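Reviewing the structure listed below.
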Amino acid sequence: MNKMLETILISTIMILLMVATALSFMMGLSHPVPWILLALLIITIALAKKMTGRHFLKWNDSYSVGVVVLDDDHKRLINLINQLQTAALYHTSDQYEKECFDALIDYTKTHFQREEQLLEENGYPGLEAHKKQHQAMIDQVGNMVAEYQQNADVTIEKTISYLKKWLIKHINGTDKEYSGFLNERNVK
Ligand SMILES: [Fe+2]
Ligand SMILES: [Fe+2]
C-alpha cells in the first residue's frame, strides 16, 4: 500500500477509536464496550508502531567492522537515513526533506573520505576497488537527487530504499573485508 495512504488510514482509525473509546466511557465503567474499544485502541497503536518500525533501519552489532570510528560513522549514517525516512513517511516540509538529504550526502562523503584515508595510511590492497564502489554510490545518489527535483514523492522513496539496501550490503560485504587487515595493524 502507498505509504501516504497507509499513514492516513492508520491515523484515521486511531482517531476514530480514541473518540469512540472516550465517548463510550459515558456508558459507565461497568459496561464492557468501553473496555473492548480501549483494548482495540491499544492493539491498533501496537500494530501501527510495528508497521512504522519496519520502514526504519536498526543498528545490529553483527554490522561491526571492528573499528570504532568507522562503526560510529555507519551508525550515524543509519540515523541519517532514518531521519530522511521520517521526513518522507510523515510528509514534513520540502525544506526539511532537503535538509535531511543534504545532511546524509555530506556525512556519506565525510565517512567515505575517513574510511579511504584509513585504508590508504595502512596500505590496504583493495583500496582502489573500494573507492570505485563509493564513487558509484555517490554518482547514483547524485542522479536520484536530480530526479528528486522532477518528482519528489516517487524519488524520495526510491532513494531511501536504494540507500538502505546499499548501506547494509556495503557494510556487511566490502567494508567487512578490511576488518581483519586493519585489526592486524592495531586499528580498532
Ligand atoms: Fe566503504
Ligand atoms: Fe563504510
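Side notes on the structure shown:
- Acute angle (nearest 10 degrees) that the helix 152-170 long axis makes with the longest principal axis of the chain, alpha-carbon atoms: 50
- Length-normalised contact order for the chain - Cα pairs under 8 Å, 6+ apart - percent: 25
- The residues of the stretch 99-146 present an accessible area of 53 Å² per residue when probed at 1.4 Å with all protein chains retained.
- Accessible surface of the stretch 1-128, 1.4 Å probe: 65 percent of it comes from carbon and sulfur atoms.
- Pairs of Cα atoms nearer than 8 Å and 6+ residues apart set the relative contact order; for the stretch 25-109 it is 22 percent.
- Taking a straight Cα-Cα cut-off under 13 Å and skipping sequence neighbours fewer than 8 places away in the same chain, the aspartates and glutamates within cross-link reach of LYS176 are ASP61, ASP71, GLU115.
- Extension gain, ARG54 back to TYR162 (0.36 nm per residue minus Cα-Cα distance, nm): 37.3 nm
- Taking every alpha-carbon pair in the stretch 107-161 and binning the separations at 10 Å intervals from zero gives 23, 39, 24, 12, 2 percent.
- Intensity falloff of the chain expressed as log10 I(q)/I(0), Debye formula with alpha-carbon point scatterers, at q = 0.13 Å⁻¹: -0.77
- Between the beta carbons of PHE181 and VAL33, assuming R0 = 45 Å, the FRET efficiency works out to 0.10 to the nearest 0.05.
The values are calculated or read from the model by the stated rules, or taken from the named source; none is laboratory data. Please read all numbers here as calculations on a predicted model, not as lab measurements. FYI the Cβ positions are ideal-geometry reconstructions off the backbone, even for glycines, and counts take in every protein chain you see. Heads up: the accessible areas ignore ligands, DNA and RNA and are worked out on the full protein's heavy atoms, side chains in. Shrake-Rupley method; radii C 1.70, N 1.55, O 1.52, S 1.80 Å.
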